[in-house]
1. Any idea how many residues of the stretch A:307-324 are surrounded by fewer than 24 Cβ atoms within 10 Å (Cβ to Cβ) and either hydrophobic (A, V, I, L, M, F, W, C) or part of a loop (DSSP other than H, G, I, E, B) (or both)?
2. Is there any pair linking a residue in the stretch D:149-174 that is on the phi < 0 side of the Ramachandran plot and modelled with pLDDT of 95 or more to one that is loosely packed, with under 15 Cβ neighbours inside 10 Å and not in a loop (DSSP other than H, G, I, E, B), with Cβ under 8 Å and at least six apart or on different chains, and which?
3. Restricting the stretch B:18-70 to residues that are farther than 30 Å from B:CYS328 by Cα and of a type in the set (Ser, Thr, Tyr), which is farthest from the chain's Cα centre (by Cα)?
4. Looking at (1) surrounded by 20 or more Cβ atoms within 10 Å (Cβ to Cβ); (2) part of a helix (DSSP H, G or I); (3) within 14 Å of chain D (Cβ to nearest Cβ); (4) not polar (S, T, N, Q), which one does C:ASP202 not meet, given that it meets all the others?
5. State whether the residues of the stretch D:220-234 include one that is assigned to a loop (DSSP other than H, G, I, E, B), under 30 Å from A:ARG11 (Cβ atoms) and basic (Lys, Arg).
6. Are any of the residues in the stretch B:325-333 closer than 30 Å to B:GLY108 by Cβ, assigned to a helix (DSSP H, G or I), more than 11 Å from every other protein chain (Cβ to nearest Cβ) and touching a residue at least 60 places away in the same chain (Cβ under 8 Å)?
7. Tally time: how many residues in the stretch D:118-131 are without any contact (Cβ under 8 Å) to a residue 60 or more places away in the chain and surrounded by fewer than 24 Cβ atoms within 10 Å (Cβ to Cβ)?
8. What number of residues within the stretch B:74-107 are out of contact with any Gly (no Cβ under 7 Å at 6 or more places or on another chain) and modelled with pLDDT of 95 or more?
There are 4 protein chains.
Amino acid sequence: MLGNTFGRVFRVTTAGEAFGPALVGIVEGVPAGIPLTEAEIQRDLDRRKPGQSAISTPRQESDRVRILSGTLDGVTTGAPIALVIDNEWATLKHIAAYADEKDIIKPGHATYTYFAKFGVHRDWVADGRANGRETAMRVAAGAIAKKLLAPIGVEIVAYTKELGGVRCPEMSYERIKEHADEPPVRCPDPEAAERMLERALDAKAKGDSLGGIVEVIARGVPAGLGEPVFDKLDANLARAMMSIGSVKGVEIGAGFAVAGMKGSENNDPPYIREGQIAFRTNNAGGILGGISTGEDIIVRLAVKPTPTIALEQETVDMVRRRSSTFRCKTATDPTIVPRMIPIAEAMMAITLIDHAMLARSQEHRKES
Amino acid sequence: MLGNTFGRVFRVTTAGEAFGPALVGIVEGVPAGIPLTEAEIQRDLDRRKPGQSAISTPRQESDRVRILSGTLDGVTTGAPIALVIDNEWATLKHIAAYADEKDIIKPGHATYTYFAKFGVHRDWVADGRANGRETAMRVAAGAIAKKLLAPIGVEIVAYTKELGGVRCPEMSYERIKEHADEPPVRCPDPEAAERMLERALDAKAKGDSLGGIVEVIARGVPAGLGEPVFDKLDANLARAMMSIGSVKGVEIGAGFAVAGMKGSENNDPPYIREGQIAFRTNNAGGILGGISTGEDIIVRLAVKPTPTIALEQETVDMVRRRSSTFRCKTATDPTIVPRMIPIAEAMMAITLIDHAMLARSQEHRKES
Amino acid sequence: MLGNTFGRVFRVTTAGEAFGPALVGIVEGVPAGIPLTEAEIQRDLDRRKPGQSAISTPRQESDRVRILSGTLDGVTTGAPIALVIDNEWATLKHIAAYADEKDIIKPGHATYTYFAKFGVHRDWVADGRANGRETAMRVAAGAIAKKLLAPIGVEIVAYTKELGGVRCPEMSYERIKEHADEPPVRCPDPEAAERMLERALDAKAKGDSLGGIVEVIARGVPAGLGEPVFDKLDANLARAMMSIGSVKGVEIGAGFAVAGMKGSENNDPPYIREGQIAFRTNNAGGILGGISTGEDIIVRLAVKPTPTIALEQETVDMVRRRSSTFRCKTATDPTIVPRMIPIAEAMMAITLIDHAMLARSQEHRKES
Amino acid sequence: MLGNTFGRVFRVTTAGEAFGPALVGIVEGVPAGIPLTEAEIQRDLDRRKPGQSAISTPRQESDRVRILSGTLDGVTTGAPIALVIDNEWATLKHIAAYADEKDIIKPGHATYTYFAKFGVHRDWVADGRANGRETAMRVAAGAIAKKLLAPIGVEIVAYTKELGGVRCPEMSYERIKEHADEPPVRCPDPEAAERMLERALDAKAKGDSLGGIVEVIARGVPAGLGEPVFDKLDANLARAMMSIGSVKGVEIGAGFAVAGMKGSENNDPPYIREGQIAFRTNNAGGILGGISTGEDIIVRLAVKPTPTIALEQETVDMVRRRSSTFRCKTATDPTIVPRMIPIAEAMMAITLIDHAMLARSQEHRKES
């Protein structure tokens, strides 16, 4: 498995499975001299951690992060920052629950693909590294990225745009920002949130699960970030977001709606706003030619319904190659959309700071 | 500009602008001993090249590719393969057409973002490297990738799924494959193709342009390709596709439709087909947990309407920071969706062979 | 600090300072299905750990490694392997010993260069990440690399070739292998070892330190490893070895002696040995054109005398920019050459397995 | 072959063989706005090109470089710079000279290792990519790197330190700089140069060849460049230099001499020079802990005698696996040491600018 690093100059490398001893991360490229404590990282981790509501998995984890290197007296030293989060739930009792079913493909999960890639020695406990638990380390790294973005003036907000067919109405950035984080569904519109919750509880009652859409907005991103032609900002955001488990689609700005638009509708007219160049609309989602325009960067993620459901499903025993059925007995979320919010923010932050640092590397110093 | 390489072990590095002397590419990782001629690469280039129909740009280019290294007597040697395609249209006469408008932001183009990133010394001739012309080298590299995929049994087909609001109906892979490449719109359904062409010609007549959706299918991809957690196959496909100019969204399998689905609907039930593991449906689009399932890999791209339109548009002079207008005088396509087909195929091929080679690197040789 | 990863497909990423909480490593690219326990890794760590002889630092560390991910029931799963080694000596008492002298440049150390790069917030406790302690994680990763090399038939031996001016006489590979690891100096010739020890004890008595040369031999490396033109096998070995603290020179085969040789002397004549191609001499050190020949790979490292000595030295207070003196009060080794042995082996192993895997990625599968 | 890129943010990718149509290079990371013409690059190429003296190969090449992208009106645009140098000598007549001997291992060359790696389809014409000709593109890229280093105040000088056993005496940097480039041997001491030339002509007369040592000095490098622990400045310089064909050893500062030194001798005492931190000696060669000190960076390369000699040598036919002999009939240099000078400078320049840009990427912008 070779894809455990993200970023070129702000680099995040992670390891760790659902029921191994711990999750581990190494974050490189953080300059020296930045105040950084475990408590700050913890704040974002607490937003992701399980067991926070009726529509979240009952798995119990304190998700306590420890910094093992890279800081001295609460300030970064420029050395790589190693982070560790123990898997408290990784006890023999919990692991045992997965042993019976290890040869059965869990529909919608990575059971079979890990088997195809790694064979009988894959980590079969709750899908090992394919389990969403690895995202805790993304969130921890993202908290560091956000700290580096703050002095540049970048702020990032994500929220539940759609859940179980209920869509959050259009609203101002300010209102989104103010209400985005409200539990349990993290939709800033109270009425939509109410209906989303109902549908999630209903799905839960029926042993089923719901998909949805997450929107992530980055405001204050300076124009000029992005490295064409393969590391365009939107290309790397697409990779960042699609690398999150359960994401099946990524769109920027108007996204798939552009398919039905005319050029005269889709082109965002530039104009002068307070002496600066701005755009009357933002169908581009803040990115043109793979480089940021200075407008809000807007990304939406399609999140599939949690594959682990309580209903009995047709499947196969992949070792014995025979038909079987599967009904989930272990912990799960009826929807993971609300828990995606801090993860999507983290991937946005990591991608943006990496690009900001790449841009900085190429700044031209003229002979004085 | 730092993002000119794609891939880790099958590596493509490109350079070249719309009106510079030439496009250049270097392809690494190709094994020795593979027959490879310019004619084979040319076939795919000819499918992308401009000036082929009433709905394509009138720019004239023979897009003749030359191999400058990496082969001997028509067979690869293992050395990096350098490719060059001259820009025949890059004459003073054609360049002059862009000089007057170089300070004017062309709406929907990368004019302003390149200015923000590179300043007054950016290449302003037809947007330089931001112009779609760079994709010719992707197509050339993709032709080499396809050659390496053939012995593995992988074949790739792309087609116009939607154009100007007309959608191609669902049809079998075999029918898609047979009719996918039919000019000028490259939609395998004759009736839909007819209506798409009408709309494109209508848009052209009105000086406007149309967006659409491209679908790319890869059949025969072995289960087990993909490098979690950041280089998942879908993550890298998303990056690959979103890195193509004008693409604003990427989805895999059911894509954004998963937002409205229940787990019980979205999970693809595994079953035994002729002794092998298969899936009754393919909402996953051939990828679970970031690793290929063995089913068809299905990716869709949202392509925005060509930003260069003949209508007058509000804009600004970005150097003088004052209002202006823009009306395109130079060559353009009323829609670029049909020309996207070989490009999307190329990016699929490059991503797949890179992952196949990464998987090979980790094969375990047991002590004999 | 951006250079914490080594390797392209067998990838080692490390973090951790001399007196931080722990050293951390993540090893990617290890196939699934390989038995791997902490005990196996511990064996090599025990060869590097401090406090083992009169000529080694008195620092006390058990250097106990723990595997936090990537294995299940003692077998690798294909997931990245996270390793952690706690810094037991990192107590307030020991840290305090460095506080007084933190603004004083320790001659021969990285004190000033870290200050120049990271400023006042660098980790000043025993030079933080610049301390040789980080090499423990290299040794741990190297133990995993050696496991992967064993089935290919590669074995690696390093030994003290020279110490304090005493040179180990030429001897057969078999004899080197048998006696290489004998403490405390790890020189396979007993007489030379005796004289080296005398000189080291003498230097210690005088508060001074000694340099030396380490030779690393890899036997059984298949012909064909190496990726010209920048990732030639010798180029990456040079990087690997020079990246070890205190190494000031690297040579392959005849090394610097080639400067005084003629082509007719230096060229190794090929001949047929038992039906196979072999070479009568090995001035090339097993590498030609950056690719392994199949002969022993022979690398020598020049190791500088430990900079931390007990003699008073002229220096400066770098914060106040004034003259000062420095005399070491903390733990040190009169020579680090013997402790280099497992580190040099580790870097050889990591480099070789990475190249073996890179070669595997490019193997050509012909259409059947 | 996977190692055709050097650098992380100043990135050089090359392709091309000795007798293929052309050499090709792509240079990424060059900021926009820098005047750059073919003539400037040509200056360094002319210093490397063959056929310039009695001790250089008779191969005739004008080594004319063309810029195919990345500049507009003689100024860089920020886009990748593609370079091409045609192989004028690559005619059927010259290629034919190699056909007879293609199965014979040329002693000291990469003939066998390329055969072992790539098989019968390797490029056998003058060793293809293993031929020193690829270094022309390094020199071209190095010329661009030097342009970027100039405003930082870095200058680079290389010269022949030793040839055929004759060593250049120690002399001041200023004198070295003034006389370093004098043909044909490029040794700044006229008397040593005279004796070197004699030995080279003597070797040539005898059909033999000579090795030597090149010293490269970089002055004006700011303190603080280098990325521990694997991308230390000295580690990457070692890789850069060892990647040049025929180099068998690399040392920094005192280099291998440290093996015989005591800590009290080797440690360079820091002191205050005109208010700045400086060092009384420079055994460190300008690098401590893998990071530049601000003193001159001094690197020496051991260059083996040209393997192609006119004497008859024992060898084997590697295809038929039987004994044979080889006597060179084609063009060669009795020593390549003088031609190494611009190549070594180029690799120093490329490595330094990459590290300067990496350092820049991590500069900390404090909240204002």
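The values are calculated or read from the model by the stated rules, or taken from the named source; none is laboratory data. Given the structure is predicted, the values throughout are model-derived calculations rather than measurements. With ideal geometry, Cβ positions are generated from the backbone for all residues, glycine too; neighbour counts draw on all protein chains shown.
1. Number satisfying all stated conditions: 7.
2. D:VAL157/D:TYR173
3. Filtering first and then ranking leaves B:SER69.
4. Every condition holds for C:ASP202 apart from (1).
5. First, the residues of the stretch D:220-234 that are assigned to a loop (DSSP other than H, G, I, E, B): D:220-226, D:228, D:230, D:232.
Then keep just the ones that are under 30 Å from A:ARG11 (Cβ atoms); that gives D:220-226, D:228, D:230, D:232.
Among the residues that remain, those that are also basic (Lys, Arg) are: D:232.
Yes, the stretch D:220-234 contains a residue that is assigned to a loop (DSSP other than H, G, I, E, B), under 30 Å from A:ARG11 (Cβ atoms) and basic (Lys, Arg).
6. First, the residues of the stretch B:325-333 that are closer than 30 Å to B:GLY108 by Cβ: B:325-333.
So of that shortlist, the ones also assigned to a helix (DSSP H, G or I) come out as none.
Checked the stretch B:325-333: no residue is closer than 30 Å to B:GLY108 by Cβ, assigned to a helix (DSSP H, G or I), more than 11 Å from every other protein chain (Cβ to nearest Cβ) and touching a residue at least 60 places away in the same chain (Cβ under 8 Å).
7. Residues that pass the stated criteria total 3.
8. Step one: of the stretch B:74-107, the residues out of contact with any Gly (no Cβ under 7 Å at 6 or more places or on another chain) are B:74, B:78, B:84-86, B:88-89, B:91-107.
Then keep just the ones that are modelled with pLDDT of 95 or more; that gives B:74, B:78, B:84-86, B:103-107.
Total meeting the criteria: 10.
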